[in-house]
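> Starting off with a structure, shown below.
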Amino acid sequence: MTTRLRRHVEALDTFWADYLRTLCQASPAAAPVGPQLDLLFGNLTRHEVEPSPRLPLTIRCSDCRNNRGARRDSVCSTHVGAVRGTLEARQGVPLEVDYEPSEEGSCRMIVAIAGTRDGRPVVALAQRADHVALGSDGLAHWADDRRAGVRVPITPLSWAILQAAAQPISVAAAAARLGVEAGAVAQVLDQLHRCGWVRTTFEPDSPTS
Amino acid sequence: MSDPLTVMVPNEGALDAQLSRREELVLLKLFVPPYYYGDYLAFGAAGEPLGVLSPVAVSVLREAEERPARALVCGPGRDGPDPERVDALSELVMRGLVAPGASAPPLHEIAPDKGGGTRHTGRGADLFIRHFYRYFGDCFGDGSPLIDSHGDFLPVLEPYFPPPRPAAVCLDAGAGSGHYAAALARLGHHVYACDIDRARLEAVAARSAGAGTIQGLQCDLQDIPLPDGCVDFAMSVFVLEHVADPYAVTEELVRLLRPGGTLLLAVPSFNIRDTMAAWLHGELPTLNFEHLRSYGLVPRTHPWCEPLLDVSAHLRACGVEVTTVLGVNVLSDLWEPWASALAQIAAAHGPAFASTWPWNHLGRQTVFHGRKTP
């Protein structure tokens, strides 16, 4: 998310997304999403985050004081942008927000991974984290997590995927290289991402990814 | 939808169309690295924020006073179209900010100058203050860290509040949402809450005053409609950085204080981000959402742009004995390795760190406390 084509007339939500992403990256928050957003907006509204282990994430704003009449455009545009920037900093992925306003001050935002950036499709690239080293004696495979100080036995498929992810690699490229189903690669990468062994970036699609 | 100007540019006839900007705009130069450096936050005539304009777009807007499109896309000193200006003009046309026509409403600009002051054209300052505060208050409510550290800052100020008994007459200049005025009232004091914006005063009136009372006054802070010496305690918390002449406001607060009355001022101060802006770019930031310091618009009269010792000297000249200059929250918002380096200095100084020169000047916020001499 470090490169982005700039427009000469940038929408308010884009500006606030950029601003909040920069701010949150400088001082990352440890609070859960809902409380973090409540804190950011003060008593303007309340955010209810529908529990979900993966994106898309649904956030409902309730009792919003200012999304009415002439104020709606600027307030909601700012709100949506700030939510997007905050969550992008947390998730490390480009996001898009589908916003459904309501007259009663109870609006819904659906936050999903953005499929495009600057009009170009993006693809997820996985890369093994620096603190993870791989080992194998031909029969057993393991990963050394230097941050946790532990050696963990892993399956040959996980080992092969982590090996392939020494450089950023897409699910499709890894599947092709290893000769396995893309779904299986994605499932393993999901687990590796969750335990912090794989970093994921989203970059515009290119033949090399 | 095809881009109107890129379609228009190859058409020699269309290039002769006379274009003008269509709306009165207030433009505030931004410093929000890495994305927005030198761009402008734009507000329309009715105070609605329109988004961010690139420097090229603003350059085109400045010239868009019944000028042919050909001249606008070429720019000064060029024979052919400049692709960036073509893009900028087409986006401005698509947003309706530039259109065929003869009249060009004024453009107000607020930007720092290289001398540490603020360049200000048009009546942008006054418009911007009103527009921006209405907008910001609409988007970020009380308790938001983007609104002057509300929740976190009260414990810093409370030790300087008058004790609950006897009840005192207090004044909160630039009360905003009334967070601090309500805290004073809960101690049993009578509080005048002054603000330029009626909507903010309505928010203050909706607050619980506890054992005390809150009276809203919609007024210019340089001309508060109260008699001399009628106030025991006056405070202005993160407001002086937003007014046209902070020293004039300070003098007005001192006028209202009775002899022996106390004054409490809190203003943002240089943080590392601003310092880097000054070092690397030779100018002061205009927009850092923690403290929108430089648009107050009287060059060289802003406390946060001046050495804080000068502020103290000004307060003394007004008849205030300065008892405390306190830098607050010095270690927050710093990036490595600055944070670690300052943490080591702080550890070496011990608890005195926060009040020892020059470290007390490095806080994100600075608090001045003083007493009006008899």
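> Connecting C-alpha atoms closer than 10 Å in a GNM of chain A, tell me which of A:Pro53, A:Pro101, A:Pro32 has the biggest fluctuation.
A:Pro53
> In chain A, which longest range has no trypsin sites (Lys or Arg not before Pro) that are both DSSP loop (not H, G, I, E or B) and surrounded by at most 16 other Cβ atoms within 10 Å?
A:69-145
> Once the Cα atoms of helix A:72-91 and of chain A are each reduced to a long axis, what angle between those two axes, in degrees from 0 to 90 to the nearest 10, is obtained?
Helix A:72-91 and the main axis of chain A meet at about 20 degrees.
> Counting only other chains, what is the mean number of Cβ atoms within 10 angstrom of the Cβ of each residue in peptide B:101-108?
Shielding by partners across B:101-108 averages 0.
> I've got another one for you. How big is the stretch A:1-160 by Rg and Dmax over its Cα atoms, in Å?
Expressed in Å, the Cα Rg and Dmax of the stretch A:1-160 come to 19.8, 68.
> Compute the Rg/Rh shape ratio of the stretch A:83-148: radius of gyration over Kirkwood radius, all on alpha-carbon atoms.
On the Cα set of the stretch A:83-148, Rg over Rh gives 1.24.
> Quick check on the exposure proxy: order B:Ile224, A:Ile161 from fewest to most C-beta atoms within 10 angstrom.
Fewest-to-most Cβ neighbours within 10 Å comes out as B:Ile224, A:Ile161.
> With a 10 Å Cβ neighbour count serving as the proxy for reagent exposure, in which order, fewest first, do B:His190, B:His242 appear?
Listing B:His190, B:His242 from fewest to most nearby Cβ atoms yields B:His190, B:His242.
> Choose one answer from A:Ser106, A:Ser158, A:Ser52: the residue with the largest mean-square fluctuation in a GNM of chain A with alpha-carbon springs under 10 Å.
Between A:Ser106, A:Ser158, A:Ser52, it is A:Ser52 that shows the largest mean-square fluctuation.
Here, each number is a calculation from the coordinates, and none is a lab measurement. This structure is a prediction, so every number in the text was calculated from the model and none was measured. So basically every Cβ, Gly included, is an ideal-geometry build from the backbone, and we count neighbours across all protein chains shown.
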